[in-house]
1. Under the 0.36 nm per residue contour assumption, what length would be gained going from the current alpha-carbon distance of residue 128 and residue 86 to full extension?
2. Using θ = phi - 60° and the Karplus form 6.51 cos²θ - 1.76 cosθ + 1.60, what ³J(HN,Hα) does each residue of region 132-142 get, whole Hz, x for Gly and Pro?
3. Taking neighbour Cβ counts within 10 Å as the exposure measure, how do 12, 60 sort from fewest upward?
4. Calculate, in nm to one decimal, what residue 12 and residue 44 gain on full extension: separation in residues at 0.36 nm each, minus their alpha carbon distance.
5. By the scheme Lys and Arg +1, Asp and Glu -1, what is the net charge of all other residues having a beta-carbon under 15 Å from that of residue 117?
6. Using the structure shown, select from 22/69; 22/76; 75/131; 75/118; 82/131 the pairs with a Cα to Cα distance greater than 30 angstrom.
7. Residue 91's amide H: which non-local residues (gap 5+, or another chain) put their own amide H closer than 5 Å, with H modeled 1.01 Å from N in plane and none for Pro or chain starts?
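Read the figures in this text as sums done on the coordinates, not as results from a lab. Source: prediction; values computed, not measured. Because the Cβ atoms are built from the backbone with ideal geometry, glycine has one as well, and the counts that use them run over all protein chains shown.
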Amino acid sequence: MTSHTYDERIGIATPDGRLAGKPFAASCNPYNVEENGPTGVIRSVAALDFQHVCGCAVNIRMHPSGVGKTIDTRKKWISLIKTYFSLGGQQLQPTVVSTEVLKAAQQNPEPYRNIVVKVGGYSAYFTDLGKEIQDEVISRTEHTMV
């Protein structure tokens, strides 16, 4: 389930702009090439033909302010999720934590032992992961709701 970071070590550059030595996506989602925010991510993935796919998990990392800071933000977050599934999306796996908190947890794990992140089809405590996987989670696009 974590082969996307191993594959990066042996992978060459790809036509979508991923450089050699950079991780592949951990799931069925764009990886750091998103240009249209979380809405663009869900629309892109939901547009896939899932006829021959046995499940399609999408990892999306949201800043906490993007899912619940205000009533309006919560409504947008709920609408995003409902829209994804109404468009035919299969599975959405959000990680809600800021880049700053993840970097702090890497430097000083003890106060951050309760942070759970989606990796590649499974959840794990961030501080229990190896640095390579931690770096990959940190490098994911951090979305907000505008």
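1. Gain in length upon complete extension: 11.6 nm.
2. Each residue of region 132-142 in turn: 4, 6, 4, 4, 5, 5, 4, 6, 5, 4, 9 Hz.
3. Ordered by Cβ neighbours within 10 Å, fewest first: 12, 60.
4. Result for the pair: 9.1 nm of gain on full extension.
5. Counting the neighbours of residue 117, the net charge comes to 0.
6. 22/69; 22/76; 75/131; 82/131
7. Amide H to amide H, under 5 Å and 5 or more residues apart or across chains, residue 91 pairs with 56, 58.
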